[in-house]
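The values are calculated or read from the model by the stated rules, or taken from the named source; none is laboratory data. Computed from a prediction, not measured in an experiment: that's the story for all the values here. For neighbour counting, all protein chains shown are included, and Cβ atoms are generated from backbone atoms with ideal geometry for every residue, glycine included. To get the accessible areas, we keep the full protein, side chains included, count just its heavy atoms, and leave off ligands, DNA and RNA. Shrake-Rupley method; radii C 1.70, N 1.55, O 1.52, S 1.80 Å.
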Amino acid sequence: MMQIPGHIDPVPVPRAVTPREDGRVDLMGLSRPQIKGALEEAGLDVKAAKLRSKQLFHWLYHRGTTDFEAMTDLAKPMRGWMAERFVVGRPQVVEAQVSSDGTRKWLLRSDDGQDYEMVFIPDADRGTLCVSSQVGCTLNCSFCHTGTMRLVRNLTPGEIVGQVMLARDALGEWPKGNMAAVNDVDAEEDEDAPQYSPDGRMLTNIVMMGMGEPLYNFEHVRDALKVVMDGDGLALSRRRITLSTSGVIPMMARASEEIGVNLAVSLHGVTKEIRDELVPLNRKYGIEELLQACADYPKASNARRITFEYVMIKDKNDSDEDARELVRLIRKYKLPAKVNLIPFNPWPGTDYECSTPERVRAFSSIVFEGGISAPVRTPRGRDIMAACGQLKSASEKKSKAEMKRLAEEKQAALG
C-alpha cells in the first residue's frame, strides 16, 4: 500500500500500467495517437498504423466493441494479428447493486486487486455517471466516508474511461448494426435535446465526483476526459462533464486550460473554523484564496456557472447566518455561481447528522433571495450507500481513533 508522501503536495507521479501476464497491451483508455504508437511498436508501418488506429478508435469508443473478430472492416488475418497482441479491457465487476430509486452502484476491481466504485443516477431528462479518480482519497474531509480511506493509488486513464464504457455496456447503449449511434447528436449544438437509449434513458452526463480528488490525479483525469470528449468516439460534450475539486488551487487554472469542463467546488463551510474542520485542505488553501481562484477560472460565465457543493450538516454549517455569509462571499467575488445543497448522507462511524428538512428549506430560501440559485439535491441511492459522500470500496470498520490518526497523517502530508 502506497504511503502518502510527507509535507509536499501529494500529486503522485502518473502510474505506469502494469504489464499483463499474457504480454498483450490493453487498448482501453488510449487516445488515437497512443493506439497508433502501440501499433507501430507492434510492427505496423506508419501509414498502416495511422489507418488502423482510426478504425480501432471507432470500434473501441463509438461502438463499444471488445472483440477484434467483430471489427468487420479489418481483414481476417489483421483481426487475428490484433488479438494476439492486444486486448480491449473492462474493469472487473465485483458487485452491482440497484437502489429502490433506480440508482446503480458498481464495486469494481483492478488487475492489481484494488477496489473502487462508480454510480449511475437516472433522471427523467438525464442520466449521470459518477466516476472515481483514485483508489481511496488523498484528502480527509471529515463528513465524507471516502475520506476515511487511505490513498492507495491513482486510477489510470484506462480505469477511468473503463467506468464510462462499463456503464454504457450495462445500459445497452452501443449502436446495433446500422442504427444511428446515440452519440451522433452534436451535443454542443443541441445540448438539452432529449436523447434516449434502448431502456428509455441514457448516460448523458459525467461528474468526476466519485472516490478521490481529481486534481490530485490531474494528468490521468485529463487524458481520460479527452478520450471521452473525442467526437469520433464517446463524443460527450465538455458542457456535460463536471469536475469536482475540494480546492486544489494550483491545478484549477490548468484544469480550465487543458480540460475545459464545468467546475464544481466542495465548499461546505463559509468560515475558516468550520471549513478547516469539514474540508481540512482549507488549512492549506483558504476560502478567500479559493474563491479568488474561482473568480479567475477562465471558463466561468453566466452560461457556465461554477457549482458550489454544500453538504447540510445539523448545527454545523446550516444557520441563517451561514446562508447570508455564503451570499456575501459569492457576491464579493462576483461569481457566476449556483449552490447545490446536499442533505448529509450518514455512514457508519460518523458523528454528524443531517440538517432538518425545515432548516434546509430556510437556508435555500435565503440564498435564493440573495439572487443565487440554491436547489436542494434529492439524496439518491442511500439504501445501497451510493449517495454523495458514502462511497467506500472496502467494508472494514475503523475505530474513531484509527480514523483520527489517518486524518492527521493525511493532513501532515498535505502540509
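Just subtract the alpha-carbon distance of Asp296 and Asp73 from 0.36 nm times their residue separation and send over the number in nm, one decimal.
Values: separation 223, 0.36 × 223 = 80.28 nm, distance 4.77 nm.
Roughly 75.5 nm would be gained on extension.
Going by average Cβ density within 10 Å per residue, which order do the peptides 112-122, 260-270, 345-355, 45-55 take, highest to lowest?
Values: 112-122: 20.5, 260-270: 23.6, 345-355: 16.4, 45-55: 14.5.
Ranked by mean Cβ neighbours within 10 Å, highest first: 260-270, 112-122, 345-355, 45-55.
Between Val93 and Arg150, with labels modelled 7 Å along Cα→Cβ, what's the label distance in nm to one decimal, could you check?
3.0 nm
Using θ = phi - 60° and the Karplus form 6.51 cos²θ - 1.76 cosθ + 1.60, what ³J(HN,Hα) does each residue of region 125-140 get, whole Hz, x for Gly and Pro?
Once rounded to whole Hz, the list reads 10, 7, x, 10, 9, 9, 9, 8, 10, 9, 8, x, 8, 5, 9, 9.
Want the number for Asp351 to Asp125: 0.36 nm per residue separation, take away the alpha-carbon distance, what's left? Please list the in-between numbers first.
Values: separation 226, 0.36 × 226 = 81.36 nm, distance 3.57 nm.
77.8 nm is the gain from fully extending Asp351 to Asp125.
Roll a 1.4 Å probe over the protein chains and send me the accessible area per residue for region 80-138 in Å².
Working: 2280 Å² over 59 residues.
Value for region 80-138: 39 Å² per residue.
Taking the Cα-to-Cβ direction at Lys334 and at Ala362 and moving 7 Å from each Cα, how far apart do the two end points lie in nm?
3.4 nm
In the structure displayed, which of Lys226/Lys332; Lys76/Lys105; Lys105/Lys316; Lys50/Lys176; Lys316/Lys338; Lys176/Lys226 lie more than 31 Å apart, Cα to Cα?
Lys226/Lys332; Lys76/Lys105
What is the sum of charges around Lys54, taking Lys and Arg as +1, Asp and Glu as -1, for the other residues whose C-beta is under 10 Å from the C-beta of Lys54? Mind dumping the intermediate values first?
On the way: positive: Arg32, Lys36, Lys50, Arg52; negative: Asp232.
My count for the surroundings of Lys54 gives +3.
Taking the Cβ of Pro357 as the center, what net charge do the other residues with Cβ under 14 Å away carry, scoring Lys and Arg +1 and Asp and Glu -1? Walk me through the numbers on the way to the answer.
Numbers: positive: Lys314, Arg359, Arg361, Arg377; negative: Asp318, Glu353, Glu358.
Around Pro357, the surrounding residues sum to +1.
Treat each spin label as a single point 7 Å out from the Cα along the C-beta direction, and report the Glu321 to Glu21 distance in nm.
Each label point is offset 7 Å from its Cα along the Cβ direction, giving 6.1 nm.
May I ask you to order 226-238, 94-106 by the average number of other C-beta atoms within 10 Å around their residues, highest value first? Intermediate results must be reported in sequence, preceding the final value.
Values: 226-238: 18.9, 94-106: 16.1.
Descending packing order for the listed peptides: 226-238, 94-106.
For region 20-176, report the % of Cα-Cα distances exceeding 20 Å. Don't skip to the end; give the middle numbers.
Details: 6938 of 12246 pairs.
Taking all Cα-Cα pairs of region 20-176, the fraction more than 20 Å apart is 57 percent.
Using θ = phi - 60° and the Karplus curve 6.51 cos²θ - 1.76 cosθ + 1.60, what whole-Hz ³J(HN,Hα) does each residue of region 152-160 get, with Gly and Pro shown as x?
Running phi through 6.51 cos²θ - 1.76 cosθ + 1.60 with θ = phi - 60° gives 8, 6, 6, 7, 7, x, x, 6, 6 Hz.
Residue-wise, which Karplus ³J(HN,Hα) couplings in Hz belong to region 104-121, taking 6.51 cos²θ - 1.76 cosθ + 1.60, θ = phi - 60°, and x for glycine or proline?
Values per residue, Gly and Pro as x: 10, 10, 10, 9, 10, 10, 7, 4, 9, x, 9, 9, 8, 10, 9, 9, 10, 10 Hz.
Based on the mean of other Cβ atoms within 10 Å per residue, sort peptides 160-171, 288-299, 309-320 so the most packed one is first.
Values: 160-171: 22.3, 288-299: 16.8, 309-320: 19.9.
In decreasing order of mean packing, 160-171, 288-299, 309-320 become 160-171, 309-320, 288-299.
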